[in-house]
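Read-outs throughout are calculated quantities, based only on the coordinates presented, and are distinct from any laboratory measurement. Small disclaimer: the values here were computed from a predicted structure and weren't measured. Here the Cβ positions follow ideal geometry from the backbone for every residue, glycine too, while neighbour counts run over all protein chains shown.
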């Protein structure tokens, strides 16, 4: 098991490719060997549900459904302030009227979908659309509004769309906590020693990216959905932050609160397993 090559799934978004470059390119001598699997976040959520990957970037919402099989690692996640999903439309919609609308979500297991359900629990008319097609669906009138994530939060004004509500700001004002979006999960059956080795390697990979940003930039650009250099840099600056290397007590509390609210609302099951690798 110690020498086994592990599968590592993450998205092609700039923040993920930025922090995983060193790990997947073998520049960290103490890191485990990994094989990269690049997919959109909802595809990764589904693969983790089927236990198809050893290590995987998942939505925190999705993690609530398979915590019995995967634990959370403390490094490599997406959590912060001012970086939550946005609900946008091509017309003026009051946030209080959102439950009467047809709303596109980027996948039922995304944290974006969880947040809009927590904000508008009476909302029932939702449609799943791949995140990179949501703005086009709004512009075409296929939906009244959509929950956008990733680079879309920087580019939606170019499509003539307007913000209905910033779900991250709503979360922060309601809880006083940073918004947890997604984290790195690993199979529990890898064992505590192996899990902590992976966690350490993730932290080293984040440090490498910060120290050598020009080295990783070509890999980031080659995989980005949005090729605009300014947008890529803004994406990395927003999502790779003080919580990326280690959640710390504030980040851990926010993740725990999000999952607790999801459990209390009946959105995810109650699972009696420790959340983090070091507690397994």
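Full extension of the chain between residue 25 and residue 174 gives 49.6 nm of extra length, using 0.36 nm per residue less the Cα-Cα distance. Radius of gyration over Kirkwood radius for the chain, both on Cα atoms: the Rg/Rh ratio is 0.96. In this simple spin-label approximation, residue 233 and residue 5 carry label points 7 Å from Cα along the Cα→Cβ vector, and these lie 3.6 nm apart. Beta bridges per DSSP, both residues in segment 86-175: antiparallel share near 60 percent. The slack in the chain from residue 207 to residue 128, taken as 0.36 nm per residue of separation less the alpha-carbon distance, amounts to 24.9 nm.
Once Rh for segment 136-236 is found with the Kirkwood sum over Cα pairs, what is the Stokes-Einstein diffusion coefficient at 4 °C and 1.567 mPa s, in µm²/s? Mind dumping the intermediate values first?
On the way: Rh = 17.2 Å.
The diffusion coefficient I find is 76 µm²/s.
Remark: segment 1-140 is approximated by an ellipsoid whose semi-axes, taken from the C-alpha gyration tensor as √(5λ), come to 33, 16, 13 Å, largest first. Taking 0.36 nm per residue of sequence separation and removing the Cα-Cα distance, the residue 196/residue 276 pair yields an extension gain of 27.8 nm.
Cα convex hull, segment 86-175: 87 Å³ per residue, rounded to a whole number. Between residue 35 and residue 49, the distance separating the two model label sites (each 7 Å from Cα on the Cα→Cβ line) works out to 2.4 nm.
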